[in-house]
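Since the structure comes first, as structure tokens, the remarks are kept for the end.
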Amino acid sequence: MDLLRFITCGSVDDGKSTLIGRLLYDSDSVSLDVLAALENRPTVHGTVDLALLTDGLRAEREQGITIDVAYKYFTTPRRKFIITDAPGHVQYTRNMVTGASTADLAIVLVDARQGVVEQTRRHSLIASLVGIRYFVLAVNKMDLVGNEESVFDQIVADYAAIADQLKLPNVTAIPISALLGDNIVARSKNLGWYTGPSLLEHLESVPAFEEASIAEPRFQVQFVIRPQTEDYPDYRGYAGRIQSGEYRRGDRVHILPSGQESVIEAIEVDQREVESAAAPQAVIIRLTDDVDISRGDSIVPVGSQIHVAKEVEATICWMDERPLWPGRKLLVQHHSAVVKAVVSAITYKVNVRTYGRAATESAQLNDIVGIRLKTAAPLVVDSYQQNRATGAFILVDELSGDTLAAGMVDAMQNSFVPEPLGFTI
């Protein structure tokens with residue numbers, strides 16, 4: 001049974017939390033104790049407030065809004081799901097970026113009374129930037145507009161312009177009422193003019209795409225294991241999670257950024273040696289040669305088209321309340337690798353209303369901007385379009401340790417692709 005990760009996004013009060021609650025409730029994925037507690041709370045329009053299934057923070061329940069990202073899990077006979085409920089308020093856009101970064105599909109909710117609004121455009125842009133391939137335009141609260149087909153058609157036409165601008169590859173539009181359950185799990189007679197699948201039927205039929213399994217092999221060392229005991233006097237293993245692709249015993253590999261070359265002697269999974277392992281397994285890799293490898297170094301097959309660079313161009317979503325200016329010094333955290341860096345330039349800012357790019361001198365909270373980074377030590381990266389795992393990073397404040405931005409590598413400057421040495425060390 002395969003797994004689909006999806007995120008609900010859109011503007012505040014479009015019904016994202018209610019939609020997820022309805023999916024869980026109607027698919028019998030709510031435990032009896034949670035259901036009993038829910039039914040004892042005040043109702044909304046005579047029905048159980050399903051948004052409470054995801055809005056667990058006290059402030060969220062008091063204000064009736066989503067603040068933090070919430071994850072829910074449920075299973076149908078056909079598929080497993082991980083749901084991310086993202087907040088709709090502009091001030092919590094940074095939380096939406098976090099949730100979207102691991103999603104395969106985005107459900108973009110639109111209130112049928114309001115139509116496409118700025119936050120619809122902003123969340124669609126972010127979902128596009130982080131590489132989400134499948135989109136569902138869920139036109140919610142159709143019951144409040146008399147289930148009129150013309151209202152649905154107008155919103156679909158408006159969103160088609162967004163999809164065209166962002167070149168969204170797969171968009172499916174579904175009219176729904178999360179509060180009443182129309183077209184959520186089963187098709188509704190209230191929307192008889194709609195002949196497509198219900199939301200759950202569509203989610204079960206979307207092709208599963210394991211991007212990490214078909215990309216070039218990538219592995220970054222998280223921990224160097226040297227027991228130096230009587231039983232293991234010379235043991236040297238490199239622990240981490242395979243980020244993409246597959247590794248096999250006997251593969252010739254480069255150690256980057258140093259450029260040294262060796263051969264995989266053994267791969268261990270759960271304290272057992274195996275012939276091969278693939279993403280996203282956690283493994284220990286042993287090499288035939290004793291080479292200098294530290295936390296944050298990468299082990300990649302010889303011939304991989306990966307770049308070692310000290311200058312990168314990237315797109316970031318700025319998450320700090322203090323603005324970003326050129327010349328700002330910070331840390332780049334690229335999985336286990338942490339290096340000092342400076343923002344040498346801010347090259348553009350994206351206008352979320354038009355998706356156009358304009359020159360800017362600074363980046364404010366929730367701005368999406370292009371930057372040029374210079375690092376003190378080389379980064380081993382792919383462009384984000386080539387590999388989501390090794391093309392993503394975060395920017396961190398040197399002093400406080402706060403996360404400042406989420407970034408995606410667009411291009412590498414003055415980089416090199418390692419060439420085979422033709423021999424082992």
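What follows is calculated from the coordinates using simple rules that are stated; it is not laboratory data. The model shown is predicted, which means the values in this text are computed figures rather than measured ones. As a convention, Cβ positions derive from the backbone with ideal geometry for all residues, glycine included, and neighbour counts pool all protein chains shown.
Worth a mention:
- Whole-number percent relative contact order across the chain, with pairs defined as alpha carbons under 8 Å at least 6 apart: 12 percent
- Calculated FRET value between residue 302 and residue 167, using beta carbons and R₀ = 22 Å, to 0.05: 0.05
- Residues of the range 376-412 with an amide N closer than 20 Å to a point placed 7 Å from the Cα of residue 292 along the Cα-to-Cβ direction: 376-380.
- Over the chain, DSSP H runs of length four or greater, each weighted -39,500 (n - 2.57), average out per residue to a 222 nm ellipticity of -5000 deg cm²/dmol.
- Taking 7 Å steps out from each Cα toward its Cβ at residue 31 and residue 362 produces label points 4.8 nm apart.
- Karplus-based coupling profile of the range 261-272, in residue order and whole Hz: 10, 7, 10, 6, 7, 7, 10, 10, 10, 6, 6, 10, with θ = phi - 60° in 6.51 cos²θ - 1.76 cosθ + 1.60 and x standing for Gly or Pro.
- For the chain, built as a Gaussian network whose Cα springs stay under 10 Å, the top-fluctuating residue of 331, 32, 199: 32
- Using a Förster distance of 56 Å, the FRET efficiency for residue 348-residue 180 (Cβ separation, nearest 0.05): 0.80
- Summed residue charge, Cβ within 14 Å of residue 247's Cβ, Lys/Arg positive, Asp/Glu negative: -1
- For residue 413, the shell of other residues with beta-carbons less than 13 Å away shows a net charge of 0, using +1 for Lys and Arg and -1 for Asp and Glu.
- Sites matching GluC sites (Glu not before Pro) across the range 135-218 that sit in DSSP coil, with at most 16 neighbouring C-beta atoms within 10 Å: 148, 210
- Distance from the range 339-417 to the range 211-287 (C-alpha centre basis), Å: 29 Å
- Across the range 327-335, computed HN-Hα scalar couplings (Karplus, 6.51 cos²θ - 1.76 cosθ + 1.60, θ = phi - 60°) run x, 5, 9, 7, 10, 9, 9, 10, 6 Hz from first to last residue, x flagging Gly and Pro.
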